[in-house]
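Engineer: There's a structure below that I have some questions on.
Coordinate-derived values only; no laboratory data. Just so it is clear, the structure is predicted and the values come from calculations on it, not from any experiment. Every residue, glycine as well, gets a Cβ built from its backbone with ideal geometry; the counts of neighbours run over all protein chains shown.
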Amino acid sequence: MNGTADICNHCRNMIREKEKGMKMSRHISTGPSSFIPENEIIGAMPLNDSTVMFLDEEFSGRMDNLTQVMGLHPHYLQAFLRCHYYLLRMDGPLPLHYRHYIAIMAAARHQCSTLVCQHVQEFEQIGVCSDWLRGLEFCPQRLRNLNEINKILAHRPWLITKQHIQALVKTGEHSWSLAELVHAVVLLAHFHALASFVFGSGVNPDPEVTEVNGVTDDICPPAMAGLCTCHLTNSNQGNRNPLRNPDTGSELEALMERMKRLLEEREDDDASEEEMFTRFEKEKKESLLVVSAGFDEEVVPPSPVARFVDDPSFGYQDFARHGEDNPPTFKAQDYTWEDHGFSLVNRLYSDIGHLLDDKFRTACDLTYYNMASHEGVDTSMLRRALFNYVHCMYGIRYDDYDYGEVNQLLERNLKVYIKTVTCYPERTTRRMYESYWHQFRHSEKVHVNLLLMEARMQAELLYALRAITHYMT
Amino acid sequence: MEKMTRVSGTVSGCTMFCHLDAPANAISVCRDATQVVVAGRNIFKIYGLEEDGFVERLNLRVGRKPSLNFSCADVMWHQMEENLLATAATNGAVVTWNLARPCRNKQEQLFTEHKRTVNKVCFHPTEVNMLLSGSQDGFMKCFDLRKKESVSTFSGQSESVRDVQFSIKDYFTFAASFENGNVQLWDIRRPDRYERMFTAHTGPVFCCDWHPEDRGWLATGGRDKMVKVWDMSTNRVKEIYCVQTIASVARVKWRPERRYHLATCSMMVDHNIYVWDVRRPFIPFATFEEHKDVTTGIVWRHQHDPYFLLSGSKDSTLYQHMFKDASRPVDRANPEGLCFGLFGDLAFAAKESLMSAPQSVGDVGRKTYPGGDRRYPIFFFKKPDVTEQFAQVSSALSVFESEAGSSVGMDWFINTAQSYLLSGKPFAELCEHNAQVAKRLNRPQESTTWTMLRIMFSEPANPSLSSNHNLNKSGNLPLVNSFSMKEMSAALNERNKENRQDNLHSLETNLNNNDENEETEGSEGQAEYLFGDAELDDDDLYSMEHDNQAAEEPEYLLPQEAFPLRHEIMDHPSAPEPVQEKPESPHVSGSEAESTCLTPMESFSLISVSQLLFSPHLPPKFFCPIVKEMLCYYAEQGDVQMAVSVLIVLGDRIRKEIDELTQEHWYMSYIDLLQRFELWNVSNEVIKLSTCGAIMCLNQTSTTLHINCSNCKRPMSNKGWICDRCHHCASVCAVCHHVVKGLFVWCQGCSHGGHLEHVMEWLKQSKHCPAGCGHLCEYT
């Protein structure tokens, strides 16, 4: 199992040549992820009929790497694909090429060349306005106006205000209608979050996509496509086998133990409000310290994706910064997705609310009652901790959640990973991926990624929709 | 408004409001209707209801740093015990408050059994010590206030609980509504299982309310923007009324003393409070429009007084609404209706009073059908209910029937759309063809336009002959190189006469209209037109002419001596002014503008002909501004078909002149029209031929064709024609036994079929199914 696990993409391509003869599955042409051994993904649960049919329709039977990795959770995949294609292909306020262009803009914010290439290709297939692909300055002013909320949503969504919305929808030559804006906002949030997933799970670029010629070629040169993150980190990884690592054996047990204890304690935990508040603040503050080292300097490589990025220096900044006037905490109960977000989004862009709702719900409720080798475990506590931790980093606070749990359940390595994947996914490395939860299966780590992605998307949407609501009232 | 039938002694007041310090989440009123409690994230206060305003009585939010227990999602004042309140906190605590406590902190008991936010608390209507709570964690708990802990826990086995309500009539029953759309009925004595469950809404049910009098009536409101009234008294839960609102329903409260009335407010976007008569679900009975942000809590001030409603809102205000101050949407509603029938008929309903004297207007072709007409039995007179307070409006219906082939019908549109050629032939032929089509359909103006276009934009060499020919037919145009002004106008006049035969009536209006502007004898068409031109030349449209001249100057090398009147004639190009000007003038009717427009068109023809004869140098570009005007004119007139057709046929010749957005707009309107008339092929052709990016990608949506294998009925993958499940060829032609890859026709009786042409051939020889199943196939 571990033999092929650590081979980077380059080598795998060579092996692939040899293996071609024995390939059984028609849609696997290369490893879908650089973090996860290929055979783990192929051996995943079979997709159900309707999902397969859906894929057939939309992809002509081809599964891209992203779908394959996500296919580890077929139930979620179905909800995801339905939403994804509704956003990109079905009836909606925005024309098709706009949608793909917005997808490109959003993915480019995180330098996610995989997604950018994919949508550049889709954009070309539509066959109009192909000069937009030369860069942002070639697209209409109307789209360029989106840059501002694109960058805010991608990096510091709490800064979005009703003035931003006002600036976009105020009548004028390049104005957006509210329906169009909501569509754009959902697209932006969707693709920001998707970029998180792509980096977080080390999804490889699709070979088919990089092979197309024309404009795409100079955006995604083959060399660039091969330069996956694993390449950077591979050298010092060696041939480590996480399962044999002696000191991690008790890690899982300890986590299970803590979960059990928390469950018991909960009954008699009489933490005062002040205590709860400080716990949230503490978690928020602590998230600042969780920084992946070595990236202090903001150097944006002159990647070909950069042409779709405006103001590249704008990056993530911690929500709670030391000694500064922090923006007020977002009280989750005052603007919830179920009550407020849904109503607004569904009003302006019909049916998307149901699809998003379904997606969030599926992601949050997904469980196999497994934890690594243990079965019959109620993982809801862990899932909620992950979800709420992401929201905590974005300054969203749940009154009814004890943030002390986060501290007990999520180890430091995991926090580093979470923070990196949600806030600056482009820095995710294979080492981070491997450094937490050594005994867990890859599919469980993908599950973590799904939760992070959905939590991030919901956080962005909540901030954006709240701003739109404020604008409307 | 109706007279007050019952006034409960103490309640009086007027519409009034007060500012709160913070947004309210919920309000509740005490039993004797003298005090109201307001609760929210940062507010927890009691206000006294005085005659002329609210007076703050008590602030329950005490302490230097108030805990989250004060952050209330819901509040309820006990209806039996006037000192007892309960709140649901966002952190999952259920708190009771006793106003009789002597110290500042009135908190009595704290239950922290729920793990998530508590959405709702509810006191038992008659039992003093019984409190019920419903929480986000999916549990409902019943508390006995004499004990420290809950006495029973009810698990909904589904998602979060949004509302719990004790039944007013049945001592043991309560209803709970859930985030997943279910409503459950429970017996308080049996915590193990619900008595009843039904799905009330799609999406969360935010609220429910028992009818104060009718046992078993429950109103529910949900995110799906509906309010439904359920009858629980029968074995099967039955939906008896349904009101569709415009936003998700956050609260619903039955109106006291009014059996069919209930009040609602919404969760998002809409800030008004509506009172509905559930039997009249389309228009609210009354509306309160005071709030500036969403209303979060509504409560009727007194259980037996239907005239006072209290409401709290996110805009940090607390209102008392008087029913007599409510706005009544019915009064403003428009009881008129207008609708087009399938065949161009027009039905129009209006108040009878308005319709009583219609004949004096002198409409033609109008038929009035009073309510009794057998042919249009539209009115079902509902027996007025005494309890109903709706204004009775009776309307009269008129139907305007279109005569076959009249202008109301859109036959010309369909015919034109189908017969126009937009591509596939040389430009001149396309124009020629389309001109013929228009002519055949009795649309001389369009026909002439096409002819003009051909002349303007054709290469000078080849099509000139045919064009001359054509023009000579339509008017005896003098093609001599020297002609006098008089002759020229005579020619014009002559052609006008021709047109006049077509629409004499319209021209007359036109002439009358022009009379107002110019002091000519209206009947003299000749003078009129020349005057018109001359006047407009030095008029406000001067600048436009300027542009033209700039464009034409380089090519303007004509032998002067042969043209004594050259300049006068050349001035005609500025003649589209009438076209441009007319639509702006308020009293233009469509037909009038039409006939005016003819004139400038004709005058162009004169020029271009002369150009062709003497100077083939005038570039087609020269006409672009005029053609642009013309297209805009057509589009303005509603004939977007013409605009788009010309746009497509002219293609690059004109496209640059008109901005993208306008073009897109035209295309969209035309495609929309075509699709309404189910002219799918034409609409697709238009999409294909369009040059706008946004239009071209229209036909790239929904391009998937779903195929099921004819053998095993499973969906086919898109690879090849062999089903990968049963390994048979799908859709085989019954005649030639090959796979059908194009049009597949099959008999609906036996479902055998094949290539269209094969089946057609087969059926010429035999009536039986080609597959040999013995069926006598029928194809229509």
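Engineer: Which of the pairs A:Lys170/B:Lys292; B:Lys225/B:Lys324; A:Lys151/B:Lys292; B:Lys141/B:Lys292 have their Cα atoms more than 25 Å apart in this structure?
Structural biologist: Distance filter (> 25 Å) returns B:Lys225/B:Lys324; A:Lys151/B:Lys292; B:Lys141/B:Lys292.
Engineer: To continue, here is another question. Quick one: net charge around B:Cys242, please, counting Lys, Arg +1 and Asp, Glu -1 for every other residue with C-beta under 14 Å from its C-beta. All intermediate terms of the calculation are to be shown ahead of the outcome.
Structural biologist: Numbers: positive: B:Lys225, B:Lys228, B:Lys238, B:Arg279, B:Arg280; negative: B:Asp224, B:Asp231, B:Glu239, B:Asp277.
Summing Lys/Arg as +1 and Asp/Glu as -1 gives +1.
Engineer: Relative contact order of segment A:93-136: what whole-number percent is it, with Cα pairs under 8 angstrom and at least 6 residues apart?
Structural biologist: 37 percent
Engineer: How far apart, in nm, are two points set 7 Å out from the Cα along the Cα-to-Cβ line at B:Thr691 and at B:Leu776?
Structural biologist: Distance between the two pseudo-spin positions: 5.9 nm.
Engineer: Obtain the nm distance between the two label points defined at A:Leu263 and B:Asp187 by a simple spin-label model: each point lies 7 Å from its Cα along the Cα-to-C-beta direction.
Structural biologist: It works out to 3.2 nm between the two label points.
Engineer: Students often get this wrong, so check it: of B:Lys115/B:Lys147; B:Lys688/B:Lys741; B:Lys45/B:Lys228; A:Lys415/B:Lys115, which have C-alpha atoms separated by over 29 Å?
Structural biologist: Correct reply: B:Lys45/B:Lys228.
Engineer: What number comes out for the charge environment of A:Trp437, summing +1 per Lys or Arg and -1 per Asp or Glu over other residues with Cβ under 11 Å away? Please report the intermediate quantities before stating the final value.
Structural biologist: Values: positive: A:Arg441, A:Lys445; negative: A:Glu251, A:Glu411, A:Glu434, A:Glu444.
Local net charge: -2.
Engineer: Other chains' Cβ within 10 Å of A:343-349 residues: what's the mean?
Structural biologist: 4
Engineer: Order by neighbour count: A:Cys129, B:Cys122, fewest other Cβ atoms within 10 Å first, most last.
Structural biologist: A:Cys129, B:Cys122
Engineer: For B:Ser398, enumerate residues with amide H under 5 Å from its amide H, sequence gap 5+ or separate chain, H modeled in the peptide plane.
Structural biologist: Hits under the 5 Å cutoff: B:Phe348, B:Ala349, B:Ala350, B:Tyr369.
Engineer: Relative to 2.2 N^0.38 Å, what does the C-alpha radius of gyration of segment B:253-344 come to as a ratio? Two decimals please.
Structural biologist: The reported ratio for this selection is 1.27.
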